[in-house]
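The values are calculated or read from the model by the stated rules, or taken from the named source; none is laboratory data. For clarity, every value in this text was computed on a predicted model and none was experimentally measured. Counting neighbours? That spans all protein chains shown, and the Cβs are built from the backbone with ideal geometry, glycine included.
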Amino acid sequence: MKVVIVIIAAMLLLPAAATTASTAPTKTWATDLPAFLNQRPGEWIVGTSTEPALSASEAESFARRDAAGPLFDRMKSRLPRASWPVLLKHIDAKLAAGNAVVDRQVLSDVRPYATIWRAAVLVDSSPQVTDRIMREVERETRKQQERVAAGAAGATVIVVVVAASYLGLNWLTRGFFRGRLLMASALIVTTGICGIAQLL
């Protein structure tokens, strides 16, 4: 009889323990952002994990991804559309490195079947942070444009040299090897352009 009572008590206390584990202290910016802004005015973004996570790191990753969207929306109007993928890459890298994350909150909810993790991150989106990201994006975009321009110039040189070589050889052979020369020229041009594309 005592064993049965102990088992029943344990079953009743388990859900209570799980509930207690999920009620960890929260932070003002995560629960009441307007109140936090009254205390610390600034340009803040709060990202939260919008789906269950099985680890603290996974929950924080979800929260950073949630914060990246609003930060990207604030900055994309300052750049041409072609630079948006580079901007998003830099935002993700900054948040992953923790450079713009001022504070974080990670909560665990112990369930009978698993521990569910939730997270929130406070991101600084002030001009000091966004301007730094913008400079990095503009620098990378400029380098990429320079590489593309150099690649286009290299491809043009290859086409001109091969075309001149073809015309010269075709004239010397009086057109006897025209078909073979055309195939060889096309192969050289294609190989050269593909090689340049791989370097970009």
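In segment 82-106, which residues are under 12 Å from Ala120 (Cβ atoms) and of a type in the set (Lys, Arg)?
Correct list: Arg104 only.
Out of all the residues in segment 129-139, is one or more crowded, with 18+ Cβ neighbours inside 10 Å, over 30 Å from Ser185 (Cα atoms) and in contact with a Ser or Thr (Cβ under 7 Å, 6 or more places away or on another chain)?
yes
May I ask you to verify whether Ala56 is closer than 17 Å to Gln128 by Cα and among the hydrophobic types (A, V, I, L, M, F, W, C)?
For Ala56, the condition - closer than 17 Å to Gln128 by Cα and among the hydrophobic types (A, V, I, L, M, F, W, C) - is not met.
Quick check on my filter: what residues within segment 122-168 are hydroxyl-bearing (Ser, Thr, Tyr), in contact (Cβ under 8 Å) with a residue 60 or more places away in the chain and under 13 Å from Lys94 (Cα atoms)?
Ser125
Which condition number does Leu122 fail, the rest of (1) modelled with pLDDT of 90 or more; (2) within 22 Å of Ala82 (Cα to Cα) being met?
For Leu122, the failing item is (2).
When you scan segment 1-63 for helices (runs of 4 or more DSSP H) that lie fully inside it, which ones turn up with 1 or more residues that are at pLDDT 50 or above, loosely packed, with under 14 Cβ neighbours inside 10 Å and in the same structural domain as Leu95 (by TED's automatic domain parsing)?
28-31, 33-39
Does Ala197 fit the bill of being among the aliphatic types (A, V, I, L, M), in contact (Cβ under 8 Å) with a residue 24 or more places away in the chain and surrounded by fewer than 14 Cβ atoms within 10 Å (Cβ to Cβ)?
So Ala197 passes the test.
Looking at Ala100, Ala184, which is the one that is surrounded by 14 or more Cβ atoms within 10 Å (Cβ to Cβ) and under 21 Å from Trp29 (Cβ atoms)?
Matching residue, one of Ala100, Ala184: Ala100.
Looking only at segment 65-81, filter to residues that are more than 22 Å from Leu122 (Cβ to Cβ) and in contact (Cβ under 8 Å) with a residue 24 or more places away in the chain; which one of those is surrounded by the fewest Cβ atoms within 10 Å (Cβ to Cβ)?
Arg78
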